[in-house]
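The values are calculated or read from the model by the stated rules, or taken from the named source; none is laboratory data. This is a predicted model, so every value here is computed, not measured. Cβ placement follows ideal geometry from the backbone for every residue including glycine, while neighbour counts extend to all protein chains displayed. Quick note on the areas: whole protein, heavy atoms, side chains included, nothing else; ligands and nucleic acids left out. Shrake-Rupley method; radii C 1.70, N 1.55, O 1.52, S 1.80 Å.
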Amino acid sequence: RKEVEQDPGPFNVPEGATVAFNCTYSNSASQSFFWYRQDCRKEPKLLMSVYSSGNEDGRFTAQLNRASQYISLLIRDSKLSDSATYLCVVRNTGNQFYFGTGTSLTVIP
Amino acid sequence: DTAVSQTPKYLVTQMGNDKSIKCEQNLGHDTMYWYKQDSKKFLKIMFSYNNKELIINETVPNRFSPKSPDKAHLNLHINSLELGDSAVYFCASSPLGAGGLNEQFFGPGTRLTVL
C-alpha cells in the first residue's frame, strides 16, 4: 500500500469554480502534512502546511482528519494561474517525506 | 540567493557512463534528500541524509550512491548509467526537529537523459 494516495485527475474546471482535492495516508503516526504545488518542468514548492484544526490562506483551505487519515485542499474562485499539479505530502518520524502522485488541475478561461 | 541549488541543470550522456549531480543548500538545514521524478511524474524518494544517518530506499539500485562532503552538500553519483535512469532528479532539504511543520525546500532539478 502506498504511503500517500491521491486522485491523479485531471481536473478541468472553469475560471471561478471551486475545486477540492483529497488525499489519504497510511501511517497513523504521521506528524506533519502539506500541500505542494508543482508547475510544469519546475520543482515542487510549498503551497501550504496543514494544521490539525484546518487552516485557510486566501482562496485555499486545507483540512486534516487524523481519525480517517484524510487530507483535503479546497480552492475557491479558481484562477488560470492555479493550473498546476498539486501534491499531497506527509512527513513521518525520522524526517521522511512521502509524496502522493499529484493531482493535475487545469483552469479553463 | 538560491536556497537549494543543483548542477548541472541538464545532463545528456551515454549508457554505461558514470556521472555526478551536485546539490548545495544554504539554509542551514540538517537533512538533505534526493528524489527521482520519472515520466509519470511520481516523486520517489531515493535517499535522505543528515550528519548522523543515511536512509536508503531499498528499491534504489546500488549504482546510485549519495556523497556528503559536509552538511551543506549532498551529491548523487551514478555508475553504469542505464536508459531507465532518464528522469528529473530533485535535491531537497529540511530542518530536523521533533516538532513543527519542517517543510522541504527543493532545488530546481537536474534533467538526466541517457542515450
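Bins of 5 Å, beginning at zero and ending with the bin holding the largest distance: percent of Cα pairs per bin for the protein assembly as shown, please.
Per 5 Å bin, starting at 0, the Cα pair percentages come out as 1, 7, 14, 18, 18, 16, 12, 7, 4, 1, 0.
In Å², what does the accessible area per residue of chain A work out to with a 1.4 Å probe?
Ligands and nucleic acids excluded, the result is 46 Å² per residue.
Distance between the C-alpha centers of region A:35-53 and region B:55-82? Whole Å please.
Here the answer is 25 Å between Cα centres.
Sticking to Cα atoms, compute the Rg of chain A to one decimal and its Dmax as the biggest Cα-Cα distance, whole number, in Å.
Final numbers for Rg and Dmax: 13.3, 44 Å.
How much accessible area is lost when chains B and A come together, counting both sides, with a 1.4 Å probe, in Å² rounded to the nearest 100?
Numbers: alone 6760 and 5990 Å², together 10900 Å².
Buried area (both sides, nearest 100 Å²): 1900 Å².
Just to confirm my numbers, what's the Cα centroid distance between region B:12-31 and region A:83-107 in Å?
22 Å
Cα to Cα, under 20 Å, and not fewer than 8 places away if on the same chain: which lysines meet these conditions relative to B:Lys41?
Once the sequence-local lysines are set aside, what remains near B:Lys41 is A:Lys2, A:Lys42, A:Lys45, B:Lys9.
Is region A:20-79 rounded, prolate or oblate when judged by the Cα gyration tensor, a ≥ b ≥ c being the square roots of its eigenvalues, rounded requiring a/c under 1.5 and prolate requiring a/b larger than b/c?
Oblate.
Give the aspartates and glutamates whose C-alpha is closer than 20 Å to that of B:Lys22, dropping any in the same chain fewer than 8 places away, or say none.
A:Glu43, B:Asp1, B:Asp30, B:Asp38, B:Glu53, B:Asp70, B:Glu82, B:Asp85
Quick check of the Kirkwood formula: for region B:21-115, what is the inverse mean of 1/r over all pairs of different Cα atoms, in Å? Don't skip to the end; give the middle numbers.
On the way: mean 1/r = 0.0728 Å⁻¹.
Evaluated over region B:21-115, this radius sits at 13.7 Å.
Among the Cys residues of chain A, which have no other cysteine Cβ under 4.7 angstrom away?
Among the cysteines of chain A, those whose Cβ sits 4.7 Å or more from every other are A:Cys40.
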